1. Is there a residue in the range B:17-27 that is over 26 Å from residue A:53 (Cα atoms) and more than 13 Å from chain A (Cβ to nearest Cβ)?
2. Yes or no: the range A:201-213 includes at least one residue that is among the small types (Gly, Ala, Ser) and touching a Phe, Trp or Tyr at 6+ places or on another chain (Cβ under 8 Å).
3. Within the range A:243-255, can one find any residue that is open to solvent by 60 Å² or more (accessible area, probe 1.4 Å), assigned to a loop (DSSP other than H, G, I, E, B) and more than 26 Å from residue A:170 (Cβ to Cβ)?
4. Take the conditions open to solvent by less than 40 Å² (accessible area, probe 1.4 Å) and within 14 Å of chain A (Cβ to nearest Cβ) and apply them to residue B:106. Does it pass?
5. Can you tell me which of (1) open to solvent by 50 Å² or more (accessible area, probe 1.4 Å); (2) more than 14 Å from chain A (Cβ to nearest Cβ); (3) closer than 28 Å to residue A:90 by Cβ; (4) modelled with pLDDT under 95 is the one residue B:99 doesn't meet?
6. Quick check on my filter: what residues within the range A:256-284 are at pLDDT below 85, surrounded by fewer than 19 Cβ atoms within 10 Å (Cβ to Cβ) and assigned to a loop (DSSP other than H, G, I, E, B)?
7. Kindly establish whether residue B:8 is among the polar types (S, T, N, Q) and within 13 Å of chain A (Cβ to nearest Cβ).
8. Just checking, which of A:42, A:62, A:38, A:84 is among the aliphatic types (A, V, I, L, M), outside the structural domain of residue A:161 (by TED's automatic domain parsing), at pLDDT below 95 and under 22 Å from residue B:45 (Cα atoms)?
Amino acid sequence: MKAIMLDKETYKQLLNQYISTQDEGALYRAERLTRNFIKKNILPEEIIDLHIQVLRETYPTIYEEMVYMCQFLLETMISYGLAIQENETLREKQLAMRTEISLAANIQKTLLSSTLPEVDGLDIGVISVPAKQMNGDYYHFVTGKDGSIGIALADIIGKGIPAALCMSMIKYAMESFPEQLMNPNDILRRLNHVVELNVDSSMFITMIYAKYKNGLLTYASAGHEPGIYYCKETDTFYNLKAKGLVLGVSTDVSYSQYEQELKAGDMIILLTDGVTEYRNGDQFAKRGELLRIIRQSMKLKAQDIVENVYQHFNSLSEYYQQDDFTLIILKKY
Amino acid sequence: MDSQSCVSIQLERDIIYARQIGRQFAEQLQFGLVEIARIAATISEIANNIFLYAEKGQICFQIMEGTGQKGLRIIASDVGPGIKNIEKAMEDGYSTSEGLGAGLPGIKRMMDEFEITSIVGEGTRIKVIKWVRSCDNEG
């Protein structure tokens, strides 16, 4: 109430100036004054009240009908005033929630972080960028005692917090599996069981699991975006064919396992659909675009290639990323 | 005018009558225009709750005179289903999203004191107080 009294004189002065001159300057200053009102949380009905007071002071002989009109307007503004206050509270709540989510995203990063293994003869590059704060893509590298490495890449259908929570489950389930005798198809079969038991039926997970040892890649896929194999000898890209049901749909699923031999100069490209469905307006950047960029930067280190691809697609979509983006490249040398 | 009065709410026109009585009390206490309008809006809200959800109910007005301050107390009580989840009903965006008006949070904002008790299957009682601020009468 006090705040509005201080501005009352200004309001009165501007109103009188406008009445006598219809001056644009008065309107401009009134606009500034309104912003000041908003900053001080002064509601529409309070401004009309102020208006009535100024009217009465300026025109002591004003018709009562005119005042009634203003009172009528004041009464109709009460609900707007409440709506403004409610919006303000909801906005504050939203801000608090965002802060909480960004804390959760940091925890997710720590929980799910995976260090790149060092493997003789293999250059590895990886990039994973969430569309929103929480990442629905997940990759993980494990190094086996026999010198092999395991690579898991998963995409949860559905984004945001539920997806992120689900990721942690996948990670800890995988860690609980005994290392010896674990093949990609066994891992997917077991994970499918875990997901089927624990995850809501509306949520699906696609995953590709690959194991690399001594120039041989063994892999299995649960409905995941097909990986790509680059053959140096023929200078051609091939899709890594793999069949398998997405995780969590059916109880008993067995997965086929596939093999791909790698020679010096060959590459394996693993990705999530966020890479191939990168949008440029209404156009999806298709796999062809991905291969073009990879071909261009093929001579670079694997890490530089994946970063190049991300930069390229990001600028293509005018820096508006719609889906989580994860790309892994293995380069045999 | 007496310092106390009750209006029973059964029909929609009773809401209008309750607003009228409430406005008379508010004017008698020399509330400012804005506060009078807020008191009327509060009455609409609580009377509408009775009209829509309860079997019967009433709204009572009482002028409060304490040490150095005056105010209007409004109590709405009904026999009805009660509110299952008061916490939820007090949340912003809950009733407004259903298009039910200001809702309980709105009432709380417009009034100085707000108290609600509800027993499921028995009824609800809402007590609000608006105090007269001295600067309401200034200007």
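The values are calculated or read from the model by the stated rules, or taken from the named source; none is laboratory data. Small disclaimer: the values here were computed from a predicted structure and weren't measured. Don't worry about glycine lacking a Cβ; one is built from the backbone with ideal geometry, like all the others, and counts go over all protein chains shown. Only protein heavy atoms, including side chains, enter the accessible area calculation; ligands, DNA and RNA are left aside. Shrake-Rupley method; radii C 1.70, N 1.55, O 1.52, S 1.80 Å.
1. yes
2. Looking through the range A:201-213, at least one residue is among the small types (Gly, Ala, Ser) and touching a Phe, Trp or Tyr at 6+ places or on another chain (Cβ under 8 Å).
3. Within the range A:243-255, none of the residues are open to solvent by 60 Å² or more (accessible area, probe 1.4 Å), assigned to a loop (DSSP other than H, G, I, E, B) and more than 26 Å from residue A:170 (Cβ to Cβ).
4. The answer is yes for residue B:106.
5. Status for residue B:99: all satisfied but (2).
6. Those that are at pLDDT below 85, surrounded by fewer than 19 Cβ atoms within 10 Å (Cβ to Cβ) and assigned to a loop (DSSP other than H, G, I, E, B): A:277, A:281, A:282.
7. Answer is no for this residue.
8. Going through A:42, A:62, A:38, A:84 in turn, just one is among the aliphatic types (A, V, I, L, M), outside the structural domain of residue A:161 (by TED's automatic domain parsing), at pLDDT below 95 and under 22 Å from residue B:45 (Cα atoms): A:84.
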